[in-house]
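> Dropping the structure in here first, questions after.
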Amino acid sequence: MGVKRKAAAAILLLLLCLGSLWLHGGLDYQWDSCLKGYNQINKDQLHQLSNSSEADETKGPPVLSLCPGQTFQVSVLVSHLLAARAYTSDVLLQPYLSSWDELVKFMESLGPMVSLISNEIETKTTIIRQLALLSERSPEAEVGPDMHSQNSDNSQTGEKNSVRVSQGRGAYNSVRSMIWMELKQGIVDFNQQTDSGCRTLLRLHRALLWLKLFLQKLAETPTSGRLRSPSDLCREAYQTTLSHHHTWFVRRAAELAFIALPERGFFFRLVCVQNQEELSEVLTRVVDAIGEIYDRTQKALEENKMLDLP
């Protein structure tokens, strides 16, 4: 549908709304609510039109639209994940942390037991944000060498552009710039626990794998048999990822939280889909976006021997 047709449809809907209110009386009283509905429709249409034109330019799949009435927005999550990509193997920290903000909303929507886990996530994102603020106030913490030159095409132009991006944005601009600075300044301790950005990132990184695997399992549609419950899928994803890094007590508490997970229909409503096929399509895009960020972070941590920081 073109822009003119969508505008005409919005106007028609407004007129129908006014006509309905007139038939039932109280037009003056109801005007504000009707206008709010019209504004929301316009907002959603503009969002969809913008996303559609972006998708046409890149010849990729259409960007997900906003889901009315939901705190968690899958479209916002994917937007942050895509924005976090830098060059070919780096991750920008600001959109990465914004992705976690949206994932926290996702976890909180699953119930009070799971929100206990999200509180721990918020603590860790706060640590990195505070470190970033401190580094901006400290001239010594600025990135010296270009952290992205290894990701460029090694041409003279590419290297100059990379240096220009890195400088002036602080050591916590990206995963690789943070690793370089904290190693250079001796902030990372390989023998004992610290509140370094690298150690904190590693904990978030492990949690991201758990959520990635859970969403991947939730997206699967078996060729035969019934769909498994989200509770079982989440527990299974946890047992193969995060549980290896937790104590017995934490593992028991987590599995109790997963028992209280809502049924599959809740996830349909959460991302505004009607069935498993549509849910699979949406979640597959989320999993793909998470997977790229996870792989880039994994590579950076592995290259610097940080996958087992205490």
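> Segment 75-103 to segment 170-214: how many Å between their Cα centroids?
Going from one Cα centre to the other spans 16 Å.
> What's the Kirkwood radius of segment 172-217 in Å, using all Cα pairs?
Its Kirkwood hydrodynamic radius stands at 11.7 Å.
> Same structure, new question: Rounded, prolate or oblate: which fits segment 243-290, taking a ≥ b ≥ c as square roots of the Cα gyration tensor eigenvalues, rounded meaning a/c under 1.5, else prolate when a/b beats b/c?
oblate
> I want the local charge near residue 296. Using Cβ-Cβ distances under 12 Å, sum +1 for each Lys or Arg and -1 for each Asp or Glu among the other residues.
Values: positive: 85, 176, 299; negative: 90, 292, 295, 302, 303.
Computed value for this residue: -2.
> Something else: Report the gain in length on full extension from residue 193 to residue 226: 0.36 nm times residue separation, minus Cα-Cα distance, nm rounded to one decimal.
7.4 nm
> Rounded, prolate or oblate for segment 210-310? Axes are the square roots of the Cα gyration tensor eigenvalues, ordered a ≥ b ≥ c, and the cut-off for rounded is a/c under 1.5. If you can, show how the numbers build up before the last one.
Numbers: a/c = 2.60, a/b = 1.38, b/c = 1.89.
Because a/c hits 1.5 or more and a/b fails to exceed b/c, segment 210-310 counts as oblate.
> Let me ask you something else. Read phi for every residue in segment 278-293 and hand back ³J(HN,Hα) as whole Hz from Karplus 6.51 cos²θ - 1.76 cosθ + 1.60, θ = phi - 60°, with x for Gly and Pro.
5, 4, 4, 5, 5, 5, 4, 5, 5, 4, 4, 5, 4, x, 5, 5
> Ranking request for peptides 80-86, 119-125: highest mean number of other beta-carbon atoms within 10 Å first, then the rest in descending order.
80-86, 119-125
> May I pose another question? For an R0 of 30 angstrom, estimate the FRET efficiency from the Cβ-Cβ distance between residue 82 and residue 185 and round to the nearest 0.05.
The calculated FRET efficiency here is 0.45.
> Right, next: What is the packing order of peptides 103-112, 245-254, 128-137, taking the mean over residues of other C-beta atoms within 10 Å and listing the highest first?
Top of the packing list down: 103-112, 128-137, 245-254.
> Report the net charge of residues surrounding residue 196, where surrounding means a beta-carbon distance below 10 angstrom and charges are Lys +1, Arg +1, Asp -1, Glu -1. Write out the running numbers ahead of the final one.
On the way: positive: 199; negative: 182, 189, 195.
Cβ neighbours under 10 Å give a net charge of -2.
> Restricting attention to segment 198-264, which GluC sites (Glu not before Pro) occupy a DSSP loop and are surrounded by at most 11 other Cβ atoms within 10 Å? Display every interim value, and only then the final one.
Details: sites: 220, 236, 255, 263; in loops: 220, 263.
Within segment 198-264, the qualifying GluC sites (Glu not before Pro) (loop, at most 11 other Cβ atoms within 10 Å) are 263.
> Given 0.36 nm per residue, what is the gain on full extension from residue 70 to residue 292 after removing their alpha carbon distance, in nm?
Full-extension gain reported as 77.3 nm.
> Further, regarding this structure: Longer than 28 Å from Cα to Cα, which of 105/305; 217/305; 105/217 are they? Say none if no pair is. Can you show the working numbers first?
Values: 105/305 32 Å; 217/305 30 Å; 105/217 20 Å.
Pairs exceeding 28 Å: 105/305; 217/305.
> When the accessible area of segment 187-310 is computed with all protein chains present and a 1.4 Å probe, what percentage of it is carbon and sulfur? Write down the numbers at each step before the final one.
Values: 3160 of 6280 Å².
Solvent-exposed carbon and sulfur of segment 187-310 make up 50 percent of the total.
The values are calculated or read from the model by the stated rules, or taken from the named source; none is laboratory data. Everything numeric in this text was worked out from a predicted model, so none of it was measured. Reconstructed Cβ throughout: ideal geometry from the backbone, glycine too, with neighbour counts over all protein chains shown. Areas reflect the complete protein model, heavy atoms only, side chains present, ligands, DNA and RNA absent. Shrake-Rupley method; radii C 1.70, N 1.55, O 1.52, S 1.80 Å.
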